[in-house]
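No value in this document is a laboratory result; all are computed from the given coordinates. Small disclaimer: the values here were computed from a predicted structure and weren't measured. All Cβ positions, even for glycine, are placed from backbone atoms using ideal geometry, and neighbour counts span all protein chains on display.
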Amino acid sequence: MQPAAEVATGVRAGPPPPVGPPPRRSGTDRREWLLAAALLLPNLALLTLFVYRPLIDNFRLSFTDYNISSPTGATPVGTANYVEWLGRDDTRTILGNTVVFTFATVLISMVLGLALALLLDQKLRGRNVVRSLVFAPFVVSGAAIGVAFQFVFDPSFGLIRDLLTRVGASTPDFFQDTGWALFMVTTTYIWKNLGYTFVIYLAALQGRRIDLDEAAEIDGASPWTHFRRVLLPQLRPTTFFLSITVLLNSVQVFDLIYAQTRGGPVGTGTTTLVFQVYQETFVNMRAGYGATVATIMFLILLAITFVQVRVMDRGSTA
Amino acid sequence: MSTHLQVSQGDRHRTPLMSVAGYAAMIVVVLVIAVPLFWILITSFKERQDIYVRPAQYWPSPATTDNYRDTVTSIPFPAYFRNSLIITALLAAAKITLGVLSAYALSLLRFPGRNLVFLVVIAALMVPNQITVISNYALIAQLGWRNTFQGIVIPLAGVAFGTFLMRNQFLSLPGEIIEAARLDGAGPMKLLWRVVMPMSWPTLVAFSLITVVNEWNEYLWPFLMSDNEKTAPLQVGLTLLQNNEGGNNWGPVMAGTVLTVLPILILFLFLQRQMIKGLTAGAVKS
């Protein structure tokens with residue numbers, strides 16, 4: 001995420017280190033070196049022990065039949081877990097769920113967030129109140145929203161059913177129908193995240209160059225041309241930043257799906273890769289296979305991020 | 001973005017049509033966000049038989065606080081609340097301290113390999129939690145730390161994003177002031193406390209707020225680490241409540257949800273500007 005953030009902030013490492021090194025005795029340098037080590041060591045130790053070590057260990061475990069409840073025995077099984085993953089029936093379902101959930105979230109929350117930001121980028125009464133309200137769900141936990149929205153979507157007595165009945169429509173079975181269940185978790189997550197994309201786009205719009213707007217006005221550009229040729233190119237770093245952060249966040253959603261559907265209905269109705277890692281490791285007691293799914297997910301994420309960075313680089317030099 | 005000549009005052013294209021569209025969008029989005037929140041709130045004040053009626057009631061009559069009483073007494077909600085406070089306080093203290101110290105070393109101290117160390121710290125942002133839980137779970141279980149606070153807190157205490165945020169802040173400080181303090185003979189730690197920190201409060205506040213919000217909302221790791229009220233935080237307690245009551249008795253579940261999110265929403269109400277700054281940091285330089 002670092003390149004994303006740097007591109008978007010335009011603070012590329014900030015101003016050069018603000019202090020030109022005055023000539024110093026080596027005693028001072030050594031003391032400064034020791035102090036830096038002391039300040040950094042606890043954090044580095046924690047990251048090494050609980051991020052990088054398990055990342056590598058997870059890779060090792062993916063080639064074993066490890067069981068999380070018997071920490072002693074993990075027999076190497078070669079690539080058996082990977083072969084199993086490629087051949088299993090639920091692999092396609094779960095990959096499909098992950099792709100639908102992730103891309104619907106990224107696309108819809110970014111388009112809606114941008115549209116809302118464009119409409120509210122003018123002096124309107126109550127705009128700040130609306131901004132706070134839209135952002136509020138983003139600070140609330142996914143677990144709480146998942147639990148509460150189960151009742152919003154309840155097909156017998158929920159809010160959605162009541163509203164649909166009032167306009168004479170019938171209510172889909174959000175709890176039993178796999179397609180509608182996936183629709184439910186995706187919609188809930190977009191509802192929670194809209195404030196994030198909206199607020200970031202709004203801030204980016206308010207920091208744009210208005211001399212370009214004026215130039216477009218003088219040239220008599222239509223609103224659409226103005227948007228396409230003037231606004232969108234300026235929003236490019238923001239769009240790039242959002243596409244990466246929203247993607248990384250939505251691929252990792254566990255709490256909301258657990259609270260709302262427990263990965264169901266019908267076993268894997270709303271199971272995504274992340275949820276499958278939990279399910280295989282802690283419910284089916286097959287941590288080796290869970291580690292395999294986690295590794296595959298990590299590689300997919302790395303590949304997508306790499307492609308996004310490349311696309312961004314090409315775009316900015318073109 | 002850093003090169004804009006003039007900041008838009010938000011009154012471009014003030015055509016009547018755009019104003020009308022703007023107000024229409026505001027009304028739609030308010031309804032979409034507020035109606036479900038309102039629904040959750042009124043359900044938490046309804047009597048049980050009023051929850052299961054068709055068509056639904058949009059105002060609790062009679063209103064009752066029984067659901068809240070049930071939530072607080074029938075499940076150990078006060079214990080979950082206490083656990084959430086402890087976990088959030090410990091993690092926030094650890095992360096803010098480690099983040100500030102790491103950022104300071106990585107921005108204003110000079111030592112060989114500084115950029116490499118910085119890369120090592122922020123590359124951790126690319127590693128999803130889910131890939132580390134299996135191995136971390138095994139390690140913590142072996143130490144006998146399941147259902148303990150140290151088992152929940154220590155594996156989450158490393159800080160990558162906060163280091164990035166604070167380092168950017170420290171690098172943006174005017175070099176002349178820092179140089180002047182150095183020439184006055186201020187040692188590195190005195191420089192941090194007396195010069196660097198006083199100029200960095202807004203960013204530190206934003207960093208602290210997002211840390212509190214994120215740790216309060218943390219789910220997966222505490223959920224795996226704790227299965228009883230000794231250490232489980234509110235979010236985990238809420239899904240346990242849902243296991244016991246959900247479907248048949250939404251009232252207490254909705255009351256539990258309201259109590260779980262209320263502390264964060266109150267914080268948001270008072271400190272939203274700083275919170276938004278922190279949560280959207282990295283995207284737009286304000």
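Remark: mean inter-chain Cβ contacts per residue of B:98-109 equal 5, using a 10 Å Cβ-Cβ cutoff to other protein chain atoms.
Placing R0 at 30 angstrom, the Cβ-Cβ distance between A:Ala37 and A:Phe59 gives a FRET efficiency of 0.55 after rounding to 0.05. Note on A:219-226: average number of Cβ atoms from other chains within 10 Å of each residue's Cβ is 1.
The modelled label-to-label distance for the pair A:Asn67/B:Ala89, using points 7 Å beyond Cα in the direction of Cβ, is 4.2 nm. 3J(HN,Hα) along the range A:254-268, derived from phi through the Karplus expression 6.51 cos²θ - 1.76 cosθ + 1.60 where θ = phi - 60°, amounts to 10, 4, 5, 5, 4, 5, 8, 9, 6, x, x, x, 6, x, 10 Hz, with x in place of Gly and Pro.
Between the beta carbons of A:Arg236 and A:Ala45, assuming R0 = 41 Å, the FRET efficiency works out to 0.60 to the nearest 0.05.
Taking a ≥ b ≥ c as the square roots of the Cα gyration tensor eigenvalues, the protein assembly as shown comes out oblate, since a/c reaches at least 1.5 and a/b does not exceed b/c.
Model label points for A:Asp89 and B:Val53, set 7 angstrom from Cα along the Cα-to-Cβ axis, are 4.6 nm apart. Here the peptides B:47-55, B:154-162 are ranked by packing, the mean other Cβ count within 10 Å, and the order with the highest first is B:154-162, B:47-55.
Taking 0.36 nm per residue of sequence separation and removing the Cα-Cα distance, the A:Leu107/A:Thr75 pair yields an extension gain of 7.3 nm. Calculated FRET efficiency, B:Ser19 and A:Leu164, Cβ-Cβ r, R0 35 Å, to nearest 0.05? The pair B:Ser19/A:Leu164 has a calculated efficiency of 0.65. For the segment A:29-42, counting C-beta atoms of other chains within 10 Å of every residue's C-beta and taking the mean gives 6. Each part gets one Cα centre, and for the range B:62-124 versus the range A:48-120 those centres are 25 Å apart.
The order of the peptides A:152-160, A:169-177 by mean Cβ neighbours within 10 Å, most packed first, is A:152-160, A:169-177. The alpha-carbon of A:Lys192 sits under 28 angstrom from the alpha-carbons of these lysines, leaving out residues fewer than 8 places away in its chain: A:Lys123, B:Lys46, B:Lys95, B:Lys277, B:Lys285.
Looking at the square roots a ≥ b ≥ c of the eigenvalues of the Cα gyration tensor of the range B:28-94, which shape do they give, rounded for a/c under 1.5, prolate if a/b is larger than b/c, or oblate? The shape class here is oblate.
Amide H contacts of A:Thr64 (H built 1.01 Å from N, in plane; Pro and chain starts excluded): A:Val77 sit under 5 Å, all sequence-distant by 5 or more or on other chains. Packing here is the average count of other Cβ atoms within 10 Å per residue, and on that basis the peptides A:264-276, A:189-201, A:79-91, B:117-129, highest first, run A:189-201, A:264-276, B:117-129, A:79-91. If a/c stays under 1.5 just call it rounded; otherwise compare a/b with b/c (prolate if a/b is bigger, oblate if not). Do that for the range B:75-241, with a ≥ b ≥ c from the square roots of the Cα gyration tensor eigenvalues. Judged from the Cα gyration tensor, the range B:75-241 comes out prolate (a/c at least 1.5, a/b above b/c). Spin-label pair A:Ala215-B:Val28: with each label point 7 Å from Cα along the Cα-Cβ axis, the two points sit 3.2 nm from one another.
Taking every full run of DSSP H in chain A, the ones that stretch at least 27 Å from end to end by Cα along their long axis and average 0.5 or higher on the Kyte-Doolittle scale are A:26-47, A:89-120, A:178-206, A:287-317. Among complete DSSP H helices in chain B, those whose alpha-carbon atoms stretch at least 30 Å along the helix's long axis and whose mean Kyte-Doolittle hydropathy reaches -1.0 are B:16-44, B:77-108, B:250-279. Near A:Thr271, no amide H atom lies under 5 Å from its own; only residues 5 or more places off or on other chains count, and H is placed 1.01 Å from N.
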